[in-house]
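I have placed the structure first, in the form of structure tokens, so that the comments after it can refer back to it.
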Amino acid sequence: MQKAAILNANDVSKSYKEFFALSEVTLEIREGEIVSIIGPNGAGKTTLINVLTGLFRPTAGTVYFKGQDIGGIGPQKLTKLGLARSFQLLQIFPEFTTLEFIKIAIVSRQGKGINLFSSLDKDKGLNGESEEIINMFGLYEKRNVLSANLPQGDKKLLDIASALALHPEVILLDEPTSGVSTSEKNRIMDILLSASQRTGVKSIVLVEHDMDIVFSFSDRIIALHQGRVLADCTPAELEKNEEVVCTVMGQKECFQTFDSLLNRESGERNRHDA
Amino acid sequence: MILRSLMKGKILVGIMAGLILLFLPRIATEHITFVMLGVFGFTLAVLGFNFLFGYLGLLSLGHSLFFSLGAYTVAFSMRQSIFSMELIILITILVSGLVAILIGAICVRYTQIHFSILTFAFAMLFYSFLIKFYFVTGGDDGLRVLTPHLVGTNFADVPKMQFLLREYYYYTLTVTGLTTWVLWRIVKSPFGLTIRAIRNNQVKSEYLGISIWKYRWATFIISGIYTALGGALMAPVIGNVDPSLAHWFQSGSLILMTLLGGFAQFVGPVLGALIFTYLQDFLMSALHYWRFVFGALLAFVVIVAPEGIMGAIDSFLKKIKGGV
Amino acid sequence: MITDIVGLLAGALFYSATVFLVAAGLQVIYGVQRVVNLACGSFFVLGAYMGTTFVTVSQNLGLPPILSLIPLIAAGLSLFFVGLIIETCLLRFVYKQDVHFQFLLTYAIALMLDDAIKYFWGSSPRVVQKVYTVYGQIDIFGATIPNYNIVVVICSCVIAILIGYMFTRTRFGIIVRAAAENPDITNALGVNMKVVFAKVFTLGTVLGTLGGALVIPSRAAMPDMGWELMMMSFAVITIGGLGTMRGAFFGSLLVGIVRSITIFVVPQLELLIIYLIVIAVLVIRPQGLFLNAD
């Protein structure tokens, strides 16, 4: 029995004059799922994310979150509804310390921003929760470091941590492991998953290029190509679908992952032969 | 370790400054004390300006509107036979708050440079209004400001200068100190954190659920009120309010003070107000082409040291800290 | 009735022609350098005062008043060195800085220019005699229109065409347009951006000084006349949007007409009108220049 869809796009198209960034995209994100969106650069992943997070209004079609039409309502309102996002191109607060970075997310969530006179430093609850989250992400020692001075991987974690501090129901992560070393990637994913669980996230949407990550962690994979949904199935089903594999991964950018997929396939074949 | 001694250093400087201010009428010349009265007014004005600029990142080229509004409110109140300074301050807060709500609602929806030009236009509109509607505002000549009553006491029998240098000095010092403390609290509050977030990264702020223009609006209102309060405190000192207080040149003064002292620190603009006011007093009597010097100074600060004196001190201290 | 309309239009066109030159200067500088030149009004005033000097001198040298257009244009052009010096000695140091600081520097420049003008010419208004009247008047549908106004409008149009030609047909113009579109690539292609910026800024300021010089016969040169024009130019750029001279052209027309109509209908508000128009424009149509400035 499939769980309820918490976020869905129905026949969404997004065009700029004659160019269609997205064409008739229909997809669902259900409760309790981890869904990855893959596709070569230019396939429309970022546009899709922007439409799903209410930043762009679709030219055609609708996007629903928890049963509400969120087309173009803007990130601020959407965040309040329970959908958060992290960024591929880092968005940080350069002058904030790690601690302040998480604090502002919590302050926003609790609606405390209108407090003109209460002291931030003396708010024990706020401090406690901020430190807890920072701890989850392994950044406790760096809690007083300016976020601009953190290494790339930690900046990514901070971006994700602040999104999770909002206690969203659904979180959309735009290439959370890009720009970090391979060993870091798994660390980030592990932290991400355990923190999501602890903060009560119901569904995770990942936009990813790294196929190892995608195949290891996803319940379902949605493959985009030239603005259309090419496949929407489990990792196992996707592997068997050679046409999709070739189209999606046969692009120049994905040679490495294509190889790794080939190795996996030939590894399986060897197992079968043996 | 070094940090702690730096903190102690800051506290020490603060205490010394406080003591000097407290005893200034006794230890300094009449002239120096008189100029300090101007520093108080400008302090509030400039703190208001920088709340918008340094903390939120919006450059208002028209804060002279609020400064003059505060000053004219004092003059007007007295024309209506209201002499109680406390009541006048309250009226100033209400009037400037209302004006800030209205103008802010229009201005804060727009982007940075756009915002600056809009505020400039509003200030010049107000300036033109002050000149044109002379039957209400006194036109070019302005309005006289009489001696206010402080805490219910009428000082009519005290010579004006003595009143200013003693009773009014301590009154203004107290009011300035209190309101500055209030603003400090605001800066350190969740509200202050939120507007700093908006300045650092507007996109990320929105994605954290922060409503950008609401905070801009609120900041604009607080900023306008503070600058108006500064103008109101200055009014009895100047003795006569005229349209030049609303001119873009006055806005420029506030900006120069802020940049000179340092916009990234809370006390930066205050330091700038202090230096600027004494400098202006000294140079204005000596130079005819004051605007040129002013412009050159602004240009110098912008090109060479945009972070101002406090900023330079901060960088210097950081270098020491980093070197250890 | 027709008389009123014709008179109104004539006044509007004259004002538009003046604003156009300042706005074009602003546009050129912003388009390429992304700098908003708050001092554009001051350059206008500079041109105006210099215009009075050139005309007075030339009249003393025996030049017939009807040829005053020559010294006026010469005055405008001769001030190119001011813009050049300002760009090379001051402005170029802030290109890498936050947009607010560039803005504030041009503000500081405006302050310095204003006092410099006062130093050289004093703060009283200055007029040139005889020139305006010597061109005579023309009667159109009962409205009396000074011929000099028409001369100014023609000059403005000629300058607009020349600039248009320069941008589309000359090598310099193509380089400038490339620099406006993509400074990095233009730089990589071997164009010396420093030189381009210096030339562009100079051009922008000269348009302002020319505008100031040209209006001189019709009004007195006064210290504060610049700020009004600066504000109007911003309104024009906002209406016209970023990118083309056409925008500045039509924006100026619109602004001139709206101003004339408003003054005709509510003359008491003359001083305030300008700022009200600017506010209205900035509020109603914020696209173009300023959305891109973020």
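No value in this document is a laboratory result; all are computed from the given coordinates. These numbers were taken from a predicted model, which means no experiment stands behind them. So basically every Cβ, Gly included, is an ideal-geometry build from the backbone, and we count neighbours across all protein chains shown.
Quick look at the values:
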| read-out | value |
| --- | --- |
| Value of relative contact order over segment A:169-238, rounded to a whole percent, pairs C-alpha under 8 Å and six or more apart | 31 |
| Neighbour-count ranking [beta-carbon atoms within 10 angstrom, fewest first] of C:TYR148, C:TYR165, B:TYR127 | C:TYR165, C:TYR148, B:TYR127 |
| Chain C: angle of helix C:99-121 to the longest principal axis, Cα-based, in degrees nearest 10 | 40 |
| Degrees, to the nearest 10: C:245-265 long Cα axis against longest axis of chain C | 40 |
| Centroid-to-centroid separation of segment B:133-147 and segment A:148-198 [C-alpha atoms, Å] | 62 |
| Estimated FRET transfer efficiency when R0 is 30 angstrom, pair C:ASN147-C:LEU269 (beta carbons, to 0.05) | 0.50 |
| P(r) histogram, all alpha-carbon pairs of the protein assembly as shown included - 20 Å bins from 0, percent | 13, 38, 34, 14, 2, 0 |
| DSSP-defined beta bridges in the protein assembly as shown - what % are antiparallel, rounded to 5 | 60 |
| Note, ³J(HN,Hα) from phi for segment A:132-139, Karplus 6.51, -1.76, 1.60, rounded to Hz, x at Gly and Pro | 4, 5, 4, 5, 3, 9, x, 10 |
| Protection-proxy order for peptides B:245-257, A:139-151, each taking the mean of Cβ atoms within 10 Å per residue, highest first | B:245-257, A:139-151 |
| Net charge of neighbours whose Cβ lies under 12 Å from the Cβ of C:GLN97, counting Lys and Arg as +1 and Asp and Glu as -1 | +1 |
| FRET E, pair A:GLN197, A:SER15, Förster distance 51 Å, beta-carbon r, rounded to 0.05 | 0.85 |
| Volume per residue of the C-alpha convex hull in chain B, rounded to whole Å³ | 151 |
| Sorted by Cβ neighbour density within 10 Å, fewest at the top, the residues B:TRP181, C:TRP121 | B:TRP181, C:TRP121 |
| Whole-number percent relative contact order across chain A, with pairs defined as alpha carbons under 8 Å at least 6 apart | 24 |
| Positive-end residue, chain B charge dipole about Cα centroid, Cβ charges, pick of B:THR219, B:LEU164, B:ILE195 | B:ILE195 |
| Relative counts (whole %) of C-alpha pair distances in segment A:20-88, using bins that are 5 Å wide | 3, 15, 28, 27, 20, 6, 0 |
| Residue-by-residue Karplus 3J(HN,Hα) for segment B:39-50, coefficients 6.51, -1.76, 1.60, Hz, glycine and proline x | 4, 4, x, 5, 4, 5, 4, 6, 5, x, 4, 6 |
| Approximate spin-label separation C:PHE101-C:CYS89, in nm, with each point projected 7 Å along Cα-to-Cβ | 2.1 |
| Segments B:216-223, B:90-97 sorted - mean Cβ within 10 Å per residue, highest first | B:216-223, B:90-97 |
| Shielding by partners, peptide C:275-284 (average Cβ within 10 angstrom, other chains) | 5 |
| Angle between chain C longest axis and helix C:147-169 axis [Cα atoms, degrees, rounded to 10] | 20 |
| Relative contact order %, segment B:1-95, counting alpha carbon pairs below 8 Å whose residues are six or more apart | 13 |
| Inter-chain shielding of A:90-101 (mean C-beta neighbours from other protein chains, 10 Å cut-off) | 4 |
| Rounded to the nearest 20 debye, dipole of chain A from Cβ charges on Lys, Arg, Asp, Glu | 860 |
| Set A:LYS77/B:LYS214; A:LYS66/A:LYS156; B:LYS188/B:LYS321; C:LYS118/C:LYS199 screened for pairs whose C-alpha atoms are more than 18 Å apart | A:LYS66/A:LYS156; B:LYS188/B:LYS321; C:LYS118/C:LYS199 |
| Fraction of antiparallel bridges per DSSP, segment A:5-273 only, in percent to nearest 5 | 55 |
| Electrostatic dipole magnitude of the protein assembly as shown [Cβ: Lys, Arg +1; Asp, Glu -1; Cα centre; debye, to 20] | 1300 |
| Over chain A: helical MRE at 222 nm, DSSP H runs n ≥ 4 each giving -39500 (n - 2.57), nearest 500 | -12500 deg cm²/dmol |
| Size-normalised alpha-carbon gyration radius of segment A:5-273, reference 2.2 N^0.38 Å | 1.05 |
| Per-pair calculated FRET efficiency, R0 = 25 Å: A:GLN110 and B:TRP213 via Cβ, rounded to 0.05 | 0.75 |
| Among A:PRO75, C:GLY122, B:THR137 - extreme Cα towards positive end, dipole of the protein assembly as shown, charges at beta-carbon | C:GLY122 |
| Protection-proxy order for peptides B:150-162, B:297-309, C:251-263, each taking the mean of Cβ atoms within 10 Å per residue, highest first | C:251-263, B:297-309, B:150-162 |
| Inter-label distance, nm, simple model (7 Å from Cα along the C-beta direction), B:LEU146/C:SER218 | 5.0 |
| Charge dipole (segment B:2-323, unit charges on Cβ, about Cα centre) - positive-most of B:PHE316, B:GLY70, B:PHE115 | B:PHE316 |
| Average other protein chain Cβ within 10 Å of Cβ, residues A:115-126 | 4 |
| Simple Cβ-charge dipole of segment B:103-260, Lys/Arg +1 and Asp/Glu -1, about Cα centre, in debye nearest 20 | 680 |
| Expected 222 nm ellipticity per residue - DSSP helices of 4 or more, -39500 (n - 2.57), all of chain B, to 500 | -25000 deg cm²/dmol |
| Sequence of B:SER64, A:SER216 once ranked by neighbouring C-beta atoms within 10 Å, starting from the fewest | A:SER216, B:SER64 |
